[in-house]
Amino acid sequence: MRRGELYRVRRPSSRDPKKFRVFVIVSRQILIDSRFSTVICAPVYTAYDGLSTQVAAGIDEGLKHDSGIHCDELISLPKSMLTNYVGKLSPEKLHLLGKALTIALQLH
């Protein structure tokens, strides 16, 4: 399990209308490798509005269609839910993800 990997998760929350949702792991690698049972993830939606807190993703990342990673909607998920691997972000997309997270969390 690595930062920037995408996983399809079944029913991540009772409020999510979809049966499955794709998430990208955004936690730092030391936390992912630790004994902690959860990691921080950002959801992937088919909507991409071009906001500074979103990162475009698509077929190159293992998705079925163009989508957006929404860094304003971070969620902590149990590692045990991340079993259906979809793909991973390129180094360039990881860099863009870092910039979007910095903006979303106002870490200037």
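Details
- Strands (runs of 3 or more DSSP E) completely within the chain that count 2 or more residues being without any contact (Cβ under 8 Å) to a residue 60 or more places away in the chain and not hydrophobic (A, V, I, L, M, F, W, C): 38-45, 67-70, 75-78
- Every residue from region 10-22 that is modelled with pLDDT under 95 and not polar (S, T, N, Q): ARG10, ARG11, PRO12, ARG15, ASP16, PRO17, LYS18, LYS19, PHE20, ARG21
- Criterion: at pLDDT below 95 and polar (S, T, N, Q) - qualifying residue of THR83, THR102, THR38: THR83
- Among the candidates THR46, THR53, THR83, residue that is surrounded by 14 or more Cβ atoms within 10 Å (Cβ to Cβ) and polar (S, T, N, Q): THR53
- Only a single criterion out of (1) in contact with a Gly (Cβ under 8 Å, 6 or more places away or on another chain); (2) surrounded by fewer than 19 Cβ atoms within 10 Å (Cβ to Cβ); (3) among the aliphatic types (A, V, I, L, M) is not satisfied by ILE59, namely (1).
- None of LEU89, LEU96 is touching a Leu at 6+ places or on another chain (Cβ under 9 Å) and under 23 Å from SER34 (Cβ atoms) except LEU89.
The values are calculated or read from the model by the stated rules, or taken from the named source; none is laboratory data. Predicted, not measured: the structure shown is a model, and the values here were computed from it. A quick note on method: Cβ atoms are made from the backbone with ideal geometry, for glycine too, and the neighbour counts reach across all protein chains shown.
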